[in-house]
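The values are calculated or read from the model by the stated rules, or taken from the named source; none is laboratory data. Bear in mind the structure is a predicted one, so any value in this text is a computation, not a measurement. Backbone-built Cβ (ideal geometry, glycine too); neighbour counts: all protein chains shown. We work out accessible area using only protein heavy atoms, side chains counted, and drop any ligands, DNA or RNA first. Shrake-Rupley method; radii C 1.70, N 1.55, O 1.52, S 1.80 Å.
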Amino acid sequence: MAMLFPLLAVLIWAANTIVSKAAAQVLDPAAISIYRWLLAALVLTPFCLPVLRRRAAELRPWLGKLLALAMLGMVMFQCLAYYAAHSTSATNMGVITALVPLLGLLLNAAVFRQKVSGLAWLGVAVSLSGVVYLLGKGDPMSLLANGVNTGDALILAGAASYALYGILLRRWAPPFGAWLNLYLQASLAVLLLLPLTLTAQSMAIPAKGIGLVLFAGIGSSLLAAYLWMRGIQKLGSERTAIFMNLLPLFTAVLASALLGETIHHYHWLGGGLILLGVALGQGMLKLGSAKKMAFVNK
């Protein structure tokens, strides 16, 4: 029963990728980007604002870090996904997003000088080969002639942004609790997205877009977050994180069923290589963590 919490959370996030693709037909990316977080912040306000008032003095030293987190996790990752949806498939978006753990490994090594094992580097190489195969649609050499699709490049940049967000969130660990942290970042994201609205052709929400905004703002931003936190409480963070590897599969199935996207052989092979590489990287991280704990306990 406890497994249902992360399973449903990942299913909602996969469905949100479908929503992002569907929104490309009816909403300006700038519009759904800001409306999503505005809705989430409004829903949380009655519960979080009283707590925020009591802890206002604690907030000031954290504003810079919270702004950086909001920019990376809420603005860049989500916003780039909405723009990417105009020129790539939902299936590609789901598969490339699966790279987040491995990109985090690379960023930790490059920025914070975290040591990476040989097997983890093998995982990086395997995943990158999967990315090249996927982006080349089964012909990696075509990337040299045609380059990378704009949408694929945007979602890859978004995944890197979210990987850095995850690293900084763990390192900084803002002491406000999960819901207040989410409320603060969502509210700051709205402020950060205001300049982007000036680029929108229209900020109107057509009838077809209402459900998409509601799903993104409440389903993906709040309900999935709640289910994921419950999963961590019941199963622990490491066991819960494994469920995120189902995101590409759920996204591909939903994209095929709801959007009529064709799942090609390069999706299966490229996606499989990406997940294999992620599994190698995650396995070595857990092994390294276990060794560290064993050393500390001696």
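A few points about this structure:
- Any hit, the stretch 162-185, residues being more than 22 Å from L107 (Cβ to Cβ) and open to solvent by 70 Å² or more (accessible area, probe 1.4 Å): yes
- Failed item in (1) of a type outside the set (F, W, Y); (2) under 15 Å from the mean Cα position of the chain (by Cα); (3) farther than 28 Å from I242 by Cβ; (4) open to solvent by 30 Å² or more (accessible area, probe 1.4 Å), with S87 passing the rest: (2)
- Exclusive hit being buried (at least 16 other Cβ atoms within 10 Å of the Cβ), under 27 Å from W62 (Cα atoms), aliphatic (A, V, I, L, M) and touching a residue at least 12 places away in the same chain (Cβ under 8 Å), set L246, L222: L222
- Sole exception among (1) out of contact with any Leu (no Cβ under 9 Å at 6 or more places or on another chain); (2) modelled with pLDDT of 95 or more for L39, by number: (1)
- Subset tally (residues that are part of a loop (DSSP other than H, G, I, E, B) and among the acidic types (D, E)) for the stretch 132-165: 1
- Of note, L99 does not satisfy the criterion of being within 20 Å of M229 (Cα to Cα), of a type outside the set (K, R), modelled with pLDDT under 95 and within 16 Å of the chain's Cα centre (by Cα).
- Members of the stretch 182-198 that are of a type in the set (S, T, Y) and either farther than 16 Å from A31 by Cβ or outside any helix (DSSP H, G or I) (or both): Y183, S187
- When every residue of the stretch 167-185 is checked against the conditions, none turns out to be closer than 17 Å to M76 by Cβ and among the small types (G, A, S).
- Test: residue in the stretch 141-149 that is touching a residue at least 40 places away in the same chain (Cβ under 8 Å), more than 24 Å from P29 (Cβ to Cβ), surrounded by 13 or more Cβ atoms within 10 Å (Cβ to Cβ) and out of contact with any strand residue (DSSP E or B) (no Cβ under 8 Å at 6 or more places or on another chain): no
- Checking each residue of the stretch 44-60 against the condition of being modelled with pLDDT of 95 or more, surrounded by 15 or more Cβ atoms within 10 Å (Cβ to Cβ) and under 19 Å from L103 (Cβ atoms) gives no match.
- N92 being at pLDDT below 90, open to solvent by 10 Å² or more (accessible area, probe 1.4 Å), in contact with an Asp or Glu (Cβ under 9 Å, 6 or more places away or on another chain) and not aliphatic (A, V, I, L, M): yes
- Helices (runs of 4 or more DSSP H) wholly inside the stretch 2-116 containing at least 3 residues that are under 29 Å from R239 (Cβ atoms) and out of contact with any strand residue (DSSP E or B) (no Cβ under 7 Å at 6 or more places or on another chain): 4-23, 29-54, 63-69, 77-84, 90-97, 100-112
- Contact map, the stretch 194-206: first residue on the phi < 0 side of the Ramachandran plot, second residue part of a loop (DSSP other than H, G, I, E, B), Cβ cut-off under 7 Å, separation 6 or more or different chains; pairs are T197/M203; A200/D28; Q201/D28; S202/D28; M203/D28; I205/L27; P206/V26.
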